[in-house]
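Single-structure report; data block below.
The values are calculated or read from the model by the stated rules, or taken from the named source; none is laboratory data. The shown structure was predicted, so the numbers you read here are calculated from the model rather than taken from an experiment. Note that we place each Cβ from the backbone using ideal geometry, even for glycine, and neighbour counts take in every protein chain shown.
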Amino acid sequence: MLQKGFHEPVDKPRKFYKDVSVVEDEGGFAVKLDGRNVRSPRGGKLTAPTRALADLVAEEWAAQTDVIELATMHVTRLAFTALEAIPDAREATARQVAQYAGSDLLCYHATEPEALARRQADRWGPMLDRAEQDLALVFVRTAGIVHAEQPEETLARVEALALELDDFSLAGLAFGTSLFGSAVLAFALQRRWLSGEQAWELSRLDEAYQEEKWGVDEEAAERAERLRGEAAMLDRWFGALT
């Protein structure tokens, strides 16, 4: 399972600060609370590589009220992952991205109904074509749910592309791969071929089609909205790193 951030403590800490600021620091930009560094659950200092990303983290801390709701602070959590989990697990993280690519969502097209199959071909096909053209990733496309082996060269290339990224971009790529069920969509968002909203919509073509036919389940809709928010966060994350 790709790490998506640190778990929230059982006891939510009360808000203990008034002022949130961003200052240039050694190695990047530090987020400070009343002049003190934000610390991770492991004690590490939160320093972002760009001011834009530090500003996103600061916005989350400034938005807290009586207690600190770490579960809602997706940028902060992903930053902690980039700082403390990724550096010692770069190769393992890149392999996990490649493993997702081995059964990438965009390669599995429906056989029926015809309308859904056509929608997938029309919208997923261009993403796979661009991955081949721009990233030299050649995927086997199949119809149905029977597993299709992807070329070893493709998976090796996915892993190599992941390892080319800095820790913060790799953390985002891993998060996106898990979120979308697709390394192709994660790379597409990281490289700004599309927005987080567009990537999220492409990742749930089947669910959207079913909702059009049978209506929206309330519980499923709540989950979809939560994950849509994570996709929007990831869009801001990659935007802040550029």
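Numbers for the structure displayed
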{"item": "Near pairs, Cβ below 6 angstrom, 6+ apart or cross-chain, from segment 104-116 (exposed (fewer than 12 other Cβ atoms within 10 Å of the Cβ)) to any residue that is outside any strand (DSSP E or B)", "result": "T111/G144"}
{"item": "Test: residue in segment 92-102 that is of a type in the set (S, T, Y), over 21 Å from Y17 (Cα atoms) and in contact (Cβ under 8 Å) with a residue 60 or more places away in the chain", "result": "yes"}
{"item": "Test result for Q64, under 15 Å from the mean Cα position of the chain (by Cα) and of a type in the set (S, T, N, Q)", "result": "no"}
{"item": "All helices (runs of 4 or more DSSP H) inside segment 87-191 with 3 or more residues being assigned by TED's automatic domain parsing to the domain that holds W237 and not aliphatic (A, V, I, L, M)", "result": "90-101, 114-135, 152-163, 167-180"}
{"item": "Scan of segment 143-164 for residues that are over 27 Å from E91 (Cβ atoms) and surrounded by 14 or more Cβ atoms within 10 Å (Cβ to Cβ), ordered by number", "result": "A143"}
{"item": "Unmet requirement for A63, which otherwise passes all of (1) modelled with pLDDT under 95; (2) under 18 Å from D166 (Cβ atoms)", "result": "(2)"}
{"item": "Count - residues of segment 25-35 that are loosely packed, with under 10 Cβ neighbours inside 10 Å and either under 19 Å from R77 (Cβ atoms) or at pLDDT 85 or above (or both)", "result": "1"}
{"item": "Residue ID - nearest to F16 (Cα to Cα), chosen from residues in segment 39-86 that are of a type in the set (D, E) and assigned to a loop (DSSP other than H, G, I, E, B)", "result": "D66"}
{"item": "Matching entry among L105, L78 (being of a type in the set (A, V, I, L, M) and farther than 28 Å from R51 by Cβ)", "result": "L105"}
{"item": "Evaluation of V146 against (1) out of contact with any Gly (no Cβ under 7 Å at 6 or more places or on another chain); (2) touching a residue at least 12 places away in the same chain (Cβ under 8 Å); (3) hydrophobic (A, V, I, L, M, F, W, C) (one fails), failing number", "result": "(2)"}
